[in-house]
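Structure first, then comments.
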Amino acid sequence: MMLYEWYEAQRALLSPFSEFASASSKLYNHPLSLFAHTPMAHRVSAGLELMHRLAKDYEKPQFNIRSIQIDGNEVAVHEQVAIEKAFCRLLRFKRFTDDLPTLQRIKAQPTVLVVAPLSGHHSTLLRDTVRELLKEHKVYLTDWTDARMVPEDKGPFHLDDYVAYIQEFIRHIGPEVNVISVCQPTVPVLAAISLMASNGEATPRTMTMMGGPIDARKSPTAVNNLAMNKSHSWFENNVIYRVPVNYPGAGRAVYPGFLQHAGFIAMNPDRHLKSHYDYFLDLIRGDDEKSEFHRDFYDEYNAVLDMPAEYYLDTIKTVFQDFALVNGRWEVKGQLVRPQDIKTTALLTIEGELDDISGAGQTRAAHALCTGVPAERQFHYDLVGAGHYGIFAGRRWREKVYPKVRDFIAAYQGVAAAEKPKRRAAAVAGTSDADAPPRKARARARRKRETA
């Protein structure tokens with residue numbers, strides 16, 4: 001059970017080597033250095049830079065969303081903490097502008113709560129998601145805390161606590177909120193909204209679920225198979241460790257980030273090896289654009305967090321072994337989760353054709369559970385040619401997925417939606433099974449505006 005301590009010792013030993021490699025790389029690359037003019041200097045510099053990045057420790061990245069463009073105007077963005085809990089911060093990305101028409105438009109825009117996954121990477125993985133949403137929405141985001149940074153006296157964190165956090169955040173923002181869950185949180189988000197509906201509380205206007213394991217039995221991936229084929233005790237005995245003494249959370253039981261990272265790499269080792277080799281060649285060629293893209297990607301990809309052991313083990317059992325949600329047997333703090341009790345919240349599910357994390361049909365399964373939501377308020381969208389990350393980041397997200405999410409949310413905002421420019425709801429060319437928000441909802445909103 002000393003694996004975490006050994007990892008920390010290795011990290012401490014590699015740290016000075018990583019810094020030495022970085023400094024030496026600059027020595028062979030700086031135009032004023034004599035070493036930069038020696039034979040093979042570019043290759044030596046590139047090799048040392050690669051060694052630096054392979055050996056360095058990756059800290060949590062920053063969002064760095066300082067401003068966005070709205071109607072051609074530069075709008076400042078400030079990151080604020082709306083609620084701070086032991087294991088999560090609710091962030092609000094507040095927009096500021098001196099342009100009065102732009103400010104009025106911003107105030108009338110829909111509010112969105114983006115629930116980031118607590119599954120290894122930091123919430124900054126959704127930077128592209130947030131940046132695009134900010135153009136036409138007020139945006140809140142769950143920023144989960146690295147469990148090794150949470151003192152043990154703060155107590156455990158279970159899957160039930162995750163659900164309670166989501167409910168608290170929804171109540172804080174208000175019933176006008178539109179919830180977007182990405183990957184892992186689709187399950188606890190559906191539970192949170194279901195329980196609120198069962199208790200007679202106001203539920204969000206819409207819920208958008210992207211690439212999540214609502215029913216992990218459908219098209220199981222390598223990730224699903226591991227969770228389903230190993231016993232619960234196997235996970236307890238093989239992936240759970242105590243945080244070392246050099247962190248605030250010393251003694252806390254966690255699923256360490258470095259083990260999760262090893263699992264990520266093991267899924268596609270050839271792809272990562274080729275990526276690093278291409279980076280080496282790009283450095284030699286002086287291709288700054290490609291080199292910077294590699295650095296940006298791996299700065300995010302290699303930055304991982306520890307998950308609370310209780311939450312991780314609960315998720316394995318509830319979602320991937322008992323399938324408690326789809327079997328109608330999941331209880332949260334003694335109350336049965338009943339998605340059929342959701343009546344007024346519109347539902348959009350999104351899947352990527354090539355998703356190797358949540359297979360085809362796993363997210364779409366939410367429709368069969370939410371029988372209380374009228375059929376005309378349920379929609380599904382398949383993104384052809386996209387993997388897991390493509391549905392919430394990158395060009396496909398910006399050009400194909402985001403317009404669907406934007407129009408879906410706008411269709412259920414009442415008068416505010418009708419005041420927006422009219423948008424086509426037709427399927428994006430080259431995609432399949434893309435259901436548009438209902439015309440009736442938009443027509444009702446238009447009539448309300450005309451009679452107001």
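Yes/no matrix, rows are residues, columns are (1) modelled with pLDDT under 90; (2) assigned to a helix (DSSP H, G or I); (3) surrounded by 13 or more Cβ atoms within 10 Å (Cβ to Cβ):
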position	(1), (2), (3)
M1	yes, no, no
E8	no, yes, yes
F17	no, yes, yes
F20	no, yes, yes
A23	no, yes, no
K26	no, yes, yes
R43	no, yes, yes
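How many residues does the stretch 237-262 contain that are part of a helix (DSSP H, G or I), of a type outside the set (S, T, N, Q) and touching a strand residue (DSSP E or B) at 6+ places or on another chain (Cβ under 9 Å)?
In the first step, residues of the stretch 237-262 are kept if they are part of a helix (DSSP H, G or I); the result is 237-238, 257-262.
If we keep only those that are of a type outside the set (S, T, N, Q) as well, we get 257-259, 261-262.
In the following step, the residues that additionally are touching a strand residue (DSSP E or B) at 6+ places or on another chain (Cβ under 9 Å) were identified as 257-259, 261.
Counting residues in the stretch 237-262 that are part of a helix (DSSP H, G or I), of a type outside the set (S, T, N, Q) and touching a strand residue (DSSP E or B) at 6+ places or on another chain (Cβ under 9 Å) gives 4.
Taking the conditions exactly as written (under 21 Å from H121 (Cα atoms), surrounded by fewer than 23 Cβ atoms within 10 Å (Cβ to Cβ) and in contact with a strand residue (DSSP E or B) (Cβ under 9 Å, 6 or more places away or on another chain)), does H367 satisfy them or not? Give the derivation first.
On the way: under 21 Å from H121 (Cα atoms): no; surrounded by fewer than 23 Cβ atoms within 10 Å (Cβ to Cβ): yes; in contact with a strand residue (DSSP E or B) (Cβ under 9 Å, 6 or more places away or on another chain): yes.
Judged against the criteria, H367 is not a match.
Kindly indicate whether any position in the stretch 78-88 is in contact with a Gly (Cβ under 9 Å, 6 or more places away or on another chain), among the hydrophobic types (A, V, I, L, M, F, W, C) and at pLDDT 95 or above.
Going residue by residue through the stretch 78-88, those that are in contact with a Gly (Cβ under 9 Å, 6 or more places away or on another chain) are 86.
Adding the requirement that they be among the hydrophobic types (A, V, I, L, M, F, W, C) leaves 86.
Right, trim to at pLDDT 95 or above and you get 86.
Taking every residue of the stretch 78-88 in turn, at least one turns out to be in contact with a Gly (Cβ under 9 Å, 6 or more places away or on another chain), among the hydrophobic types (A, V, I, L, M, F, W, C) and at pLDDT 95 or above.
Suppose the filter is assigned by TED's automatic domain parsing to the domain that holds P117 and either free of Cβ contacts under 8 Å to residues at least 12 places away in the same chain or touching a Leu at 6+ places or on another chain (Cβ under 9 Å) (or both); does G212 pass it? I'd like the intermediate steps shown before the answer.
Numbers: assigned by TED's automatic domain parsing to the domain that holds P117: yes; either free of Cβ contacts under 8 Å to residues at least 12 places away in the same chain or touching a Leu at 6+ places or on another chain (Cβ under 9 Å) (or both): yes.
In short, yes.
Has the stretch 103-119 got any residue that is within 25 Å of I391 (Cα to Cα) and assigned to a helix (DSSP H, G or I)? Spell out how you get there, then give the answer.
Looking only at the stretch 103-119, we keep the residues that are within 25 Å of I391 (Cα to Cα), and these are 109-119.
Next, from what is left, pick out any that are assigned to a helix (DSSP H, G or I): none.
So far as the stretch 103-119 goes, no, none of its residues is within 25 Å of I391 (Cα to Cα) and assigned to a helix (DSSP H, G or I).
Take the residues in the stretch 155-176 that are modelled with pLDDT of 95 or more and touching a Lys or Arg at 6+ places or on another chain (Cβ under 7 Å); name whichever of them is nearest to I409 (Cα to Cα).
Going residue by residue through the stretch 155-176, those that are modelled with pLDDT of 95 or more are 155-173.
Filter once more, so that each one left must be touching a Lys or Arg at 6+ places or on another chain (Cβ under 7 Å): 160, 165.
On the way: D160: 28, Y165: 23 Å.
Checking each candidate, the answer is Y165.
Can you confirm whether A86 is assigned by TED's automatic domain parsing to the domain that holds H158, assigned to a loop (DSSP other than H, G, I, E, B) and on the phi < 0 side of the Ramachandran plot?
On the way: assigned by TED's automatic domain parsing to the domain that holds H158: yes; assigned to a loop (DSSP other than H, G, I, E, B): yes; on the phi < 0 side of the Ramachandran plot: yes.
For A86, the condition - assigned by TED's automatic domain parsing to the domain that holds H158, assigned to a loop (DSSP other than H, G, I, E, B) and on the phi < 0 side of the Ramachandran plot - is met.
Output the number of residues of the stretch 150-197 satisfying the condition of being assigned to a helix (DSSP H, G or I) and either within 25 Å of K138 (Cβ to Cβ) or over 18 Å from the mean Cα position of the chain (by Cα) (or both). Before you say what the answer is, go through the steps one by one.
From the stretch 150-197, those assigned to a helix (DSSP H, G or I) are 152-154, 159-173, 186-197; that's our starting set.
Among the residues that remain, those that are also either within 25 Å of K138 (Cβ to Cβ) or over 18 Å from the mean Cα position of the chain (by Cα) (or both) are: 152-154, 160-173, 186, 188-197.
Number satisfying all stated conditions: 28.
Which condition number does E132 fail, the rest of (1) assigned to a strand (DSSP E or B); (2) surrounded by fewer than 24 Cβ atoms within 10 Å (Cβ to Cβ) being met?
(1)
The values are calculated or read from the model by the stated rules, or taken from the named source; none is laboratory data. This one's a predicted model, so the numbers in the text were calculated from it and none came from an experiment. Glycine also receives a Cβ, built like all others from the backbone with ideal geometry; neighbour counts cover every protein chain displayed.
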